[in-house]
Amino acid sequence: MSTPVSRQSLGDWLTSEQPVSRSQARLGQIWRTWKLFSGNRLGMVGLGIVVLLVLVAIFANVMAPYDPLLGGDLRTERLLPPSWEHLMGTDDLARDIFSRVVHGARLTLLVVALVAIIATPIGLLVGTVSGYFGGWVDTVLMRITDIFLAFPRLILALAFVAALGPGIENAIIAIAITSWPPYARLARAETLTIRNAEHIDAIRLQGASSPRIIWGHVVPLCLSSVIIRVTLDMAGIILTAAGLGFLGLGAQPPQPEWGAMIAGGRRFIIDYWWVATMPGIAIFAVSLGFNLLGDGLRDVLDPKAGK
Amino acid sequence: MSAIPALTEGRQRALPALFGKASRLLATIAVTIFGLLVVTFLIGRVVPVDPVLAVVGDRASQSTYDKAFVELGLDRPLYVQFGLYVEKAVTGDFGESLLTKKPIIDDIARAFPATLELATVAILIGTLLGIPVGVWAAVRQGKLVDQVVRIIGLLGYSAPIFWLGLLGLLVFYAKWGIVAGPGRIDISYEYAFTPTTGLFLLDTAMQGQWAAFRNVVSHIALPAALLGYFSMAYIARMTRSFMLNELAQEYVVTARVKGVAEWRIIWVHALRNAAVPLVTVITLSYASLLEGSVLTETVFAWPGLGQYLTNSLQNADMNAVLGGTLLIGIIFVGLNLLSDFLYTVLDPRVRRRS
């Protein structure tokens, strides 16, 4: 007997009470989360800004009307005010600021992505191992975490960049080194509640090794709250990176990094306000986007923490 | 803090409990500061700047170089070097600054009052505005006021402080001229009084130099307002959530049933209970102002710790950077522990449990 082709819509299939496969259940879960999230207006604005940032970063070459590094004619095109020709004006080297801001999106996205990729696994690993084993492992790891937390973030990043030398790669490493401790704290707290759950006992009785239990069964359960935390942190990461750039310790000229661009425009802010103002608006918009997105995600995925 | 087992067990009265708590805190301080020393020492070791060249200059002969190399203890094993480093740090000796040619501890002692003054004014602004605003938002939860407060907070979290500082200087100083520009005080007033405490507001007021006082006020207004705004955003958000928590408690219902005036319920009954965790929030916010004004100080040419640190950085003066970092870390740890301690003292529930 051939099964009749069910005439159900995609929505029905996703919200089915009896998923027939694991992937259907997973997709359904994602769909339900999305439904909840899309009702959150500010969260959607945030998502929009972040998507826009990604698109701008991808299509920077197409979008930017001028070269971000090569300036125009130094005699006639320096420090021009915003106009249709140059949407955000030009800087002291006759470069189009709009083109530089557009290309700067790439650097910002690079920083955020790399910091998240480096810091999240470190935090997860330290936190879950610490929480799972407890005892002296926990004491030692948490003490190290506390020491890193004892330094104010920007100061520690400054000291690391001073040691490693200025540059965007070192700024990324420094920010990552200063970012993981809160994630470790969070992952540890989550692990403590999971550690004694029955399903973990069941896996242990089946003879699974500790690394296997941690990696396969503890980490996935900690992941969602850590990801929310990382998203909420991204605005802070952007602001720290911009701060390092502003102090001349992040991306080096002529790279179009937003913080460094503000530092470049600082000297003539009184007569040519747009040079420092425009990149600042970009930083502000992007970090606002990440804040809104993070708040929205927290409201949806972690109802007990919000409000 | 939970990792160190309680030193005193069994039935306790308040005093021994506090003593036990204090000794545990001391142990935590010791371990954390030791950790800070390890981190700064290791950072100092990986610097690409040759510490010997920094001392003798790059035209020194080989024999001078070798002598300095031995004098700095660089020929010894790493753990001996670390021991020397700790020994010096404990006595407050962080070496000499390459830039000012003075002991770093003196430089920092001179820069610190500037940072302290700025942070103190900022935290006063943040607290005095943040608490009422937060209470107001909690009382009118979900209403327009609440939304406005939330948005003001979000803007504060998202804006780069150095950018807002520049725009502030542009508008309030350059265009409208209602505040003074960068720096702590105009040169013409600098010698009008003797800096005894290093806090210019206090010094000028105590010596009755009101013209100088006004000048100091107009210098500090903008950076303090800016930092105050950031701490207000944080304090208001936390006040709101603590108040929401308190207003949902049963004692509030009881008070209402008894006919207590609504303002009294909010400002006396609920706020007093919300005040306990708020003390922690304010202390932590103060700590982050003391250290976090690096960017603000740079923008406003404010001669405090943050500016000292960035200046040293730009001149590859590693001793100064690490000494400053270490001291800021210690201040941070100290205020963190203070907030823990205040919490224990203020909240009878926590006090009894420990």
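Values in this text are rule-based calculations from the coordinates and carry no lab data. In this text, all values refer to a predicted model and were calculated from it rather than measured experimentally. For neighbour counting, all protein chains shown are included, and Cβ atoms are generated from backbone atoms with ideal geometry for every residue, glycine included.
Give me P(r) over segment B:104-353, computed from all C-alpha to C-alpha distances, binned every 10 Å, as integer percentages.
Taking all Cα pairs of segment B:104-353, the binned fractions are 7, 25, 30, 23, 11, 3, 0 percent.
Place the peptides B:86-96, A:270-280 in order of packing, highest mean first, counting for every residue the other Cβ atoms within 10 Å and averaging per peptide. It would help to have the intermediate numbers written out before the result.
On the way: B:86-96: 15.0, A:270-280: 20.3.
Order by mean packing, descending: A:270-280, B:86-96.
Please report, in Å, the Rg and the Dmax of segment A:1-96, where both are computed over Cα atoms only.
24.9, 83
Can you tell me which of A:12-25, A:70-83 comes out highest on packing, and rank the rest after it, using the mean Cβ neighbours within 10 Å?
A:70-83, A:12-25
Can you give the average number of partner chain beta-carbon atoms within 10 Å of each beta-carbon in peptide B:153-159, as a whole number?
The per-residue average across the peptide is 6.
Cα centroids of segment B:95-152 and segment B:209-249: how far apart, whole angstrom?
Spelled out, the Cα-based centre of one part sits 7 Å from the other.
Using R₀ = 51 Å, calculate the FRET efficiency as 1/(1 + (r/R₀)^6) where r is the Cβ-Cβ separation of B:I187 and B:R76; round to 0.05.
The pair B:I187/B:R76 has a calculated efficiency of 0.60.
Give me the distance in nm between label points sitting 7 Å out from Cα along the Cα-to-Cβ direction at B:T196 and A:S16, one decimal.
Simple spin-label model gives 8.3 nm for this pair.
What number, rounded to the nearest 500 deg cm²/dmol, is the helix-based mean residue ellipticity at 222 nm of chain B, given -39500 (n - 2.57) per DSSP H run of at least four residues and division by all its residues? Show your work: numbers first, answer last.
Details: 16 runs with 252 residues, N = 354.
It lands at -23500 deg cm²/dmol.
Distance between the C-alpha centers of segment A:223-282 and segment A:78-104? Whole Å please.
So the two Cα centres are separated by 17 Å.
Based solely on its DSSP helices, what 222 nm [θ] is calculated for chain A when runs of n ≥ 4 H residues each add -39,500 (n - 2.57) and the sum is averaged over all residues, nearest 500 deg cm²/dmol? Mind showing how you got there, number by number?
Details: 13 runs with 214 residues, N = 307.
So the calculated ellipticity at 222 nm is -23000 deg cm²/dmol.
I'd like the distance separating the alpha-carbon centroids of segment A:121-188 and segment B:68-92, in whole Å.
Result: 26 Å between the Cα centres.
Name the residue, out of B:L42, B:L338, B:L305, whose mean-square fluctuation peaks in a Gaussian network model built on chain B with Cα pairs under 10 Å.
Result for chain B, Cα springs under 10 Å: B:L42 fluctuates most.
What would the Debye equation give as log₁₀ I(q)/I(0) for segment B:242-301 at q = 0.15, 0.19, 0.29 Å⁻¹, counting only Cα atoms as equal point scatterers?
-0.57, -0.70, -1.10
First measure r as the distance between the Cβ atoms of A:R267 and A:R41, then evaluate 1/(1 + (r/R0)^6) with R0 = 51 Å and state the FRET efficiency to the nearest 0.05. Please report the intermediate quantities before stating the final value.
On the way: r = 41 Å, r/R0 = 0.80.
Rounded to the nearest 0.05, the efficiency is 0.80.
Going through the DSSP H helices of chain A, which span 15 Å or more along their own axis at the Cα atoms while scoring at least 1.6 as a mean Kyte-Doolittle hydropathy?
Details: long enough: A:22-38 (24 Å, -0.72); A:41-58 (26 Å, 2.61); A:97-133 (53 Å, 1.69); A:135-150 (22 Å, 1.08); A:153-164 (16 Å, 2.45); A:168-195 (39 Å, 0.47); A:219-246 (39 Å, 1.73); A:274-301 (40 Å, 1.17).
What comes out of the filter, once short or polar helices are dropped, is A:41-58, A:97-133, A:153-164, A:219-246.
Computed FRET efficiency, Cβ-Cβ of B:E87 and B:V279, R0 35 Å: what is it to the nearest 0.05?
In this case the efficiency is close to 0.40.
Could you sort B:233-245, A:223-235 so that the peptide with the highest average Cβ count within 10 Å comes first and the rest follow in order? Before the final figure, lay out the partial values.
Numbers: B:233-245: 22.0, A:223-235: 19.8.
So the order, starting with the most tightly packed, is B:233-245, A:223-235.
Across the residues of A:283-290, average count of Cβ atoms on other protein chains within 10 Å?
3
Please average, across the residues of A:141-151, the number of beta carbons from any other chain that are within 10 Å of each residue's own beta carbon, and give a whole number.
Across the residues of A:141-151, the mean count of other-chain Cβ atoms within 10 Å is 6.
For the protein assembly as shown, what number results from the quotient of the Cα radius of gyration and 2.2 N^0.38 Å?
1.06
What Kirkwood Rh does chain A have if only Cα atoms enter the pairwise 1/r average? Answer in Å.
Here the Kirkwood hydrodynamic radius works out to 22.1 Å.
Roughly speaking, what is the stretch gain from B:V171 to B:Q62, that is 0.36 nm per residue apart minus the C-alpha to C-alpha distance, in nm to one decimal?
So the extension gain works out to 33.6 nm.
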